[in-house]
Amino acid sequence: MRGLLNKRLAADPRIKVRQSGFTLVTALFLLIVVSLLSVYLINFRNVQQSTVVFGQQGARAMQAAHAGIEWGIYESVVNGNCAPNTFTASGIALSAFNISVDCSPSTHIEGAVVITTYRLTSTAETGTYGTLDYVYRSMQATVSIQPP
């Protein structure tokens, strides 16, 4: 019945039928809001994924620096070799890191006992400085040989 009434009103030139585009405005508004929300969510996901990857690389760099400290302790205390050295760790997770170990010995005399102390600094880095994939960690330790 309503459709028939609208057709009669539209057919009569004396009666002006006023139509509004409220539905079109609402649809365009919703389309824009949904598209902006989807762009925001995609960007948020990418940032979150990058943050996780950078955090994981930082943890690997710290582990590589710790491996350098352990290697330096073994070389200085067990082998008596306190020379600076650079090496690459074996294994998949740490193979990308360049590990540098610096060692500086010092000798102290307490009474008649000579104590040798080693100050070790280990650095691990990967990537190119100034880029997003660059990671650097440093760790220090001081060890001494127990007197007899």
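The values are calculated or read from the model by the stated rules, or taken from the named source; none is laboratory data. Quantities reported herein were computed from a predicted structural model and do not represent experimental measurements. Cβ: placed from backbone, ideal geometry, glycine included. Neighbour counts: every protein chain shown.
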Keeping to the range 83-142, report how many residues are touching a Cys at 6+ places or on another chain (Cβ under 9 Å), surrounded by 15 or more Cβ atoms within 10 Å (Cβ to Cβ) and modelled with pLDDT under 85. 0
Scan the range 73-90 and give yes if some residue there is within 13 Å of Ser144 (Cα to Cα) and within 27 Å of the chain's Cα centre (by Cα), otherwise no. no
Right, Tyr136: among the hydroxyl-bearing types (Ser, Thr, Tyr) and over 26 Å from the mean Cα position of the chain (by Cα) or not? no
Can you pull out the residues in the range 69-112 that are among the polar types (S, T, N, Q), under 18 Å from Met139 (Cβ atoms) and not in a strand (DSSP E or B)? Ser76
Residues located in the range 37-82, provided they are closer than 30 Å to Thr116 by Cα, surrounded by 15 or more Cβ atoms within 10 Å (Cβ to Cβ) and among the charged types (D, E, K, R): Glu75
Pairs returned, first residue in the range 118-129 that is of a type in the set (Ser, Thr, Tyr), second residue that is in a loop (DSSP other than H, G, I, E, B), beta-carbon separation under 7 angstrom, 6 or more apart or interchain, are Tyr118/Cys82; Thr126/Ala96; Thr126/Phe97; Thr128/Tyr134
